[in-house]
Every structure is written in structure tokens, then in C-alpha cells.
1. Sort through Ala84, Ala63 and tell me the only one that's in the same structural domain as Val181 (by TED's automatic domain parsing), of a type in the set (Gly, Ala, Ser), touching a Phe, Trp or Tyr at 6+ places or on another chain (Cβ under 9 Å) and within 18 Å of Ser170 (Cβ to Cβ).
2. Under 8 Å by Cβ, and 6 or more places apart or on different chains, what pairs join a residue from the range 101-127 that is surrounded by fewer than 16 Cβ atoms within 10 Å (Cβ to Cβ) with one that is β-branched (Val, Ile, Thr) and outside any helix (DSSP H, G or I)?
3. What are the residue pairs meeting all of these: first residue in the range 198-217, first residue of a type in the set (Ser, Thr, Tyr), second residue outside any loop (DSSP other than H, G, I, E, B), Cβ atoms under 6 Å, and 6 or more apart or on different chains?
4. Being surrounded by 12 or more Cβ atoms within 10 Å (Cβ to Cβ) and polar (S, T, N, Q) is the requirement here; does Ser257 meet it?
5. Among the residues of the range 300-350, write down those that are β-branched (Val, Ile, Thr), farther than 26 Å from Val150 by Cα and in contact with a strand residue (DSSP E or B) (Cβ under 8 Å, 6 or more places away or on another chain).
6. When you look at Gly193, is it touching a residue at least 40 places away in the same chain (Cβ under 8 Å), touching a helix residue (DSSP H, G or I) at 6+ places or on another chain (Cβ under 6 Å), of a type in the set (Gly, Ala, Ser) and surrounded by 13 or more Cβ atoms within 10 Å (Cβ to Cβ), yes or no?
7. Determine which single condition Val355 fails, assuming it passes every other condition in (1) under 22 Å from the mean Cα position of the chain (by Cα); (2) under 28 Å from Thr108 (Cβ atoms); (3) surrounded by fewer than 18 Cβ atoms within 10 Å (Cβ to Cβ).
8. I need every pair where a residue in the range 311-337 that is outside the structural domain of Tyr275 (by TED's automatic domain parsing) has its Cβ under 7 Å from the Cβ of a residue that is surrounded by 14 or more Cβ atoms within 10 Å (Cβ to Cβ) and in a loop (DSSP other than H, G, I, E, B), sequence separation at least 6 or different chains.
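The values are calculated or read from the model by the stated rules, or taken from the named source; none is laboratory data. Remember, it's a predicted structure, so these values are computed and weren't measured experimentally. Cβ atoms come from the backbone with ideal geometry, glycine included; neighbour counts cover every protein chain shown.
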Amino acid sequence: MFSCRSGAAHSLRGAAFALALASLCGASPLLAREMPEAGTAAAAKKPNVVILATGGTIAGAGADAANSATYTAAKVPVDKLIAAVPQISTIANVRGEQVFQIASESFTDAQLVQLGKRVSQLLKQDDVDGVVVTHGTDTLEETAFFLDLVVKSDKPIVVVGSMRPGTAISADGALNLLDAVTVAGSKEAIGKGVTVTMNDTIQCGRDVNKRTNVVPSAFYSQWGPLGMVIEGKTYFFRSLAKRHNTSSEFDIDTIDSLPLVGIVYGSGNMIPGVYDAEVQAGAKAIVNAGTGNGSVAGYLVDKLKDIRSKGTIVIRSSRVPDGLVLRNAEQPDDTYDWVVAHDLNPAKAKILAAVALTKTNDTKELQRIFWEY
């Protein structure tokens, strides 16, 4: 029988042995606290992750625990978000910053640029291994794609939200945040691009879309997730084939503002004047969220040809969640000097167009960019 009083105990050397001995003997955890060098060494081995909080449902609160869809977003500050998940401290050295405290539908281009610059600044620091951005889910996919395009770092960037506020019985934010920090501190996530970690899955920020507004399994990619997080371990199964982050030609450090890009949603019986309103508001490009294969109604073709001839870029996307828009299929894009959005939905096509227009307004170059990103 091993005894704490045995001579063997006195032969042990080093903090690790002493901690192991304390565990074997059922000693008080005070022993560990009496050895600060052991705690310091353990902390040094953990990755350093910064959580940038922007608000959203993950920071929301409802009046009743039974309310999972009725609540006020952007109520809980970042320090309380972190404190609510004490397990985070076992996987990373974490600190938080409150960048914004808003619902994500209120995000503007100016705030996207501000957030991107802060993420870039942090990842240039040697003492930062990864960044987590907490975000409302309504425009989370746009922010994730934007960061994927403009932040020149291979270090992990994870965007995370929740579908239910922390006050709900079935709240999903705590585990989502824990998993996001796990991915942000993971060596396996280096070079994988911006990810969205929610509902146990690691989704590609470029591909993922919000597909429902009432259940935790809201985010989906037609090309499938990159991997999963299971009980604190990351499992990756594929990589992003498109250009991103360090392979991107765009750099947030050179971008101070984004040109205005509009979206016009396709349906039956459309109003041509909507396009004129976008142009008059200053839109440098219009994403036509067409039906089917990015279809354009016959009575709108002349309107789109006219605004293109006057300098506004026309981009054919589709309101259909999956698939891709084929060039010169529904419309003679070469003849009309239009661009197709490939597999990007209208919201993501808008982000890529805005970023690309900071570099060029040449349609051939813009089409290349839509193929490569």
C-alpha cells in the first residue's frame, strides 16, 4: 500500500511528481497552489486565444427559461460569457475584448472593416495563437467570409454564435464557445481558413450558410463541414480548395472602406425601378439574386444592360440555396459584360464583390476572382 508518509515520497523531485503524488494520496489541491512554477509551466503550454465579442444571440437574454426564440440579443458582456464556461481555462489562456455589442443584422461595412483590422492586429502578435469572434447568427456567414478574404494570417480564426440565448433551458452558446476556443487553439486548424464552429461541427467560413432560424443545427454547407469537435478534440476531414487568408490577394491593412454593393432579390413581377434606386444610392455593383440558375426576367434584361453600360457592375447570383450559377447559360454574360457568382449565395457574392472592387472594376478580373475565391 502506497503511503504519503513513505520514504518514496521524499525521493520525488519536481512539480509534476508532486502534483501526481498529491492526486494519488487524495491530498488537498492547495499543494498545487503552493507550487506557482508548476501553474506557470502549465499555462505556458496552453495556446493563447483572444475572444472578440460583437453581441448577438450568444450574448442574449430572455425573460423566461422556456423562451428560446423570444429574447433580447447583445446583452451579456464578454467577461461574463467567458466566466460562464469555466472549462475554457483548461484548454487555453483566454482574454476577451468587447468590440461591439449589437445584433448582427445591424452590422455595417464600416464595422466589418474595423473588426477585420483588429483581428489582423492581434494575429500579428507572437503571444496570440488564435482568435474567436462571437457574433450574431443573422450575418455571421458574411463576416466569416470577409475575414477569410482579407486577414493575412494562417493562425486560426473562428466565428461562433448560438441559436438560443444563455437563459434558455436548451442554450447552445456555452458548448459552442468552448468548441470555438478549442479550434482556435488547435494546431490542426492552422491554415484551414476562417471556420464557423457551432453544433459540434467545424464549418468553412467561405461555404457555410444559415439555413434555418429556430434550431441549433442552423448552419450548413452544400460541400459539407470541414470537421467536428467531439469532447474537446478536433477532427478535420477536408480543407478549403479556394484562395483564402495568406493566399488571398486582398489585405485588410490596405482597406479603409468598402464600396457599396446592392442586392436585388428575384421573384415574379419585379419592378425595374428597384435597380435604378440602387444605382442612385451609389451602388458600384448590383447582385441580381435571380431565380433558378441566376435567371433574369426578360423584361429586366434591358434594364440590367443599361445600368451596366453606365458603369455599374452586374453580378448574377441565385436565390436557390445550393448549386452554382453557370456562365453564359441562362444569359449571354460575355455579350452583356456581366459577372456570375459561381456557388456563392447573394449575401456572400456581395461581400466578395465589395472586397474585389477595392482592387479592380474590370469585369474579366472580377470574374477571375469569383472563380478563385
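1. Going through Ala84, Ala63 in turn, the sole match is Ala63.
2. The qualifying pairs are Glu105/Thr139; Gln114/Val99.
3. Thr201/Met228
4. no
5. Ile307, Val320
6. yes
7. (3)
8. none
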